[in-house]
Amino acid sequence: MTPAQLRALCLEFNEAVEEFPFGPETSVFKVLGKMFALSALDSVPLSVNLKCDPENALRLRGEHPAIVPGWHMNKRHWNTVTLDGTVPDRLVREMAEDSYDLVVAKMPRETRLRLDRP
């Protein structure tokens with residue numbers, strides 16, 4: 001997955017935006033002000049922090065050496081995924097969608113419905 005593909009993936013979700021609160025080198029992807037993905041898109045190798053259900057996070061870390069506890073994040077709820085080709089793009093897409101869904105799930109029902117995520 002390329003930086004452009006990662007950016008496009010994160011921005012395809014309803015109301016998703018890219019912001020730079022930590023400086024121009026770090027893209028923070030948010031939905032209605034809440035972060036669901038974080039990446040330094042110019043880094044080599046490319047990596048992304050994604051929110052994850054704690055049990056699923058542990059399972060993924062055990063199955064994929066390129067998935068580790070979230071760097072500078074709550075290690076229980078965030079994974080860092082190194083996009084070096086060892087994690088299938090399909091799984092990265094699923095993880096990004098799960099991250100978005102976990103954030104939206106904490107929003108009021110009216111907001112979830114508006115985002116088409118009941």
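Would you tally the residues in the range 45-70 being in contact with a Leu (Cβ under 9 Å, 6 or more places away or on another chain), over 18 Å from residue 103 (Cα atoms) and either of a type in the set (Lys, Arg) or part of a loop (DSSP other than H, G, I, E, B) (or both)?
Selection size over the range 45-70: 4.
Name the residue, out of 42, 101, that is in a loop (DSSP other than H, G, I, E, B) and of a type in the set (D, E, K, R).
Details: 101 fails: in a loop (DSSP other than H, G, I, E, B).
The unique qualifying residue is 42.
Hey, any hits in the range 105-113 for a residue that's assigned to a loop (DSSP other than H, G, I, E, B), more than 10 Å from the chain's Cα centre (by Cα) and in contact (Cβ under 8 Å) with a residue 60 or more places away in the chain? If you could, list the steps in order and put the result at the bottom.
We begin by selecting, within the range 105-113, every residue assigned to a loop (DSSP other than H, G, I, E, B); these are 106-108.
If we keep only those that are more than 10 Å from the chain's Cα centre (by Cα) as well, we get 106-108.
Narrowing the set further to residues that are in contact (Cβ under 8 Å) with a residue 60 or more places away in the chain leaves 106-107.
Within the range 105-113, one or more residues are assigned to a loop (DSSP other than H, G, I, E, B), more than 10 Å from the chain's Cα centre (by Cα) and in contact (Cβ under 8 Å) with a residue 60 or more places away in the chain.
Can you report the number of residues in the range 10-39 which are acidic (Asp, Glu) and either in a strand (DSSP E or B) or under 11 Å from residue 104 (Cβ atoms) (or both)?
Total satisfying the criteria: 3.
Can you pull out every residue in the range 74-98 that is part of a loop (DSSP other than H, G, I, E, B) and farther than 20 Å from residue 44 by Cα? Spell out how you get there, then give the answer.
Here is the first cut: in the range 74-98, the ones part of a loop (DSSP other than H, G, I, E, B) are 74-77, 83-88.
Residues satisfying the conditions are 74, 75, 76, 77.
Given the conditions (1) modelled with pLDDT of 95 or more; (2) over 18 Å from residue 29 (Cα atoms), which single one is not true for residue 51?
(2)
The values are calculated or read from the model by the stated rules, or taken from the named source; none is laboratory data. Everything numeric here is computed off the predicted structure, so don't read it as measured data. Counting neighbours? That spans all protein chains shown, and the Cβs are built from the backbone with ideal geometry, glycine included.
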